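Notes follow the structure.
The values are calculated or read from the model by the stated rules, or taken from the named source; none is laboratory data. Note that this is a predicted model, so its numbers are computed, not measured. Glycine gets a Cβ as well: all are built from the backbone with ideal geometry, and neighbour counts include every protein chain shown. Ligands, DNA and RNA are excluded from the accessible area calculation, which covers all protein heavy atoms including side chains. Shrake-Rupley method; radii C 1.70, N 1.55, O 1.52, S 1.80 Å.
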Amino acid sequence: MPKLAANLSTLWAELPYLDRFEAAQAAGFEGVAVPLPYEMPAKETQRAALRSGLPVVHICAPPPNYTGGDRGFAAVPGLEKRFEYDLRRALRYCEALRVPVLHIMAGVASGAAARQTLVANLRHACDAAPDGITLTLEPKAQADAFLSDFEVTAGVIHDVGAPNLGLQFHSQHAAALGGDAVSVFETYADLVRHIQLADTDGAAPGTGAIDFGAFAEAISCAQYAGWLVADYTVDGRTEEHLDWMALFQT
């Protein structure tokens, strides 16, 4: 069975960051995702995870540019050296927190040079990543994002040709890009290494148009055994928006 994790950047936003770990444990999650943990010393996050008994299962790279630049730039020509530098920092966090999934953010770019840059950066990243860390790419429903198409993303993964690189499937983006998130998942299931959950409105599963019962069946048929990360925003208390979890716990 897949395992459920909570994105602590979106859930329990009313609580201090370090208190969200125990809230996720009390709600029945088995892990947590902290997409951008870099503002907090890794040891603080590590202690909170240990207190809750929940592993940190997912972070993003490269770290954001706090001077106002784009968060992701792995596909941006001219920033290769910066990518290498920031990748080292992300991998240090992965090792300190024992994170199994590192999402590489491609950023805003276009054209053949961007694809070549992304492939080269990914090959470097796949070689640099220690054993046990899977790198992922996620297509986003964002017009100026380089990875805004599942077919293009799958093509990049094939071009890189590394066993530790796979697809990060986000149900909300899949529905926006392909019309039916379940069908998109079935098309690319062999590449999926990590799943993020949100409905078509960006809120909890069951609030929009995605059939999460059918999606649960699809990931079962695909024998997906990775993490399912609750990656949505809530209006009110997080505990009031967790009924969907039962679909993935039977």
Inset, instruction - Take the range 104-127 and flag every residue that is among the β-branched types (Val, Ile, Thr) and either touching a residue at least 60 places away in the same chain (Cβ under 8 Å) or surrounded by 21 or more Cβ atoms within 10 Å (Cβ to Cβ) (or both). - result: Ile104, Thr117
Inset, instruction - Of the numbered conditions (1) over 16 Å from Asn164 (Cα atoms); (2) in a loop (DSSP other than H, G, I, E, B); (3) modelled with pLDDT of 95 or more, Val99 fails exactly one; give the number of that condition. - result: (1)
Inset, instruction - Kindly provide the set of residues from the range 16-37 that are touching a helix residue (DSSP H, G or I) at 6+ places or on another chain (Cβ under 7 Å) and modelled with pLDDT under 95, ordered by number. - result: Pro37
Inset, instruction - Filter the range 23-65 down to the residues that are aliphatic (A, V, I, L, M) and in contact with a Cys (Cβ under 7 Å, 6 or more places away or on another chain), then identify the one that is nearest to Ala129 (Cα to Cα). - result: Ile59
Inset, instruction - Test each condition in (1) of a type outside the set (S, T, N, Q); (2) closer than 20 Å to Glu138 by Cβ; (3) at pLDDT below 95 for Gly68 and report the one that comes out false. - result: (2)
Legend entry - Looking only at the range 195-240, and only at residues there that are assigned to a helix (DSSP H, G or I), open to solvent by less than 50 Å² (accessible area, probe 1.4 Å) and not hydrophobic (A, V, I, L, M, F, W, C), the one that is nearest to Leu15 (Cα to Cα): Thr238
Inset, instruction - For the range 1-52, name all the residues that are among the hydrophobic types (A, V, I, L, M, F, W, C), outside any loop (DSSP other than H, G, I, E, B) and open to solvent by 70 Å² or more (accessible area, probe 1.4 Å). - result: Ala26, Leu50
Inset, instruction - Pull up the range 128-157, narrow it to residues that are free of Cβ contacts under 8 Å to residues at least 24 places away in the same chain and under 22 Å from Ala90 (Cα atoms), then point me to the one that is surrounded by the most Cβ atoms within 10 Å (Cβ to Cβ). - result: Thr153
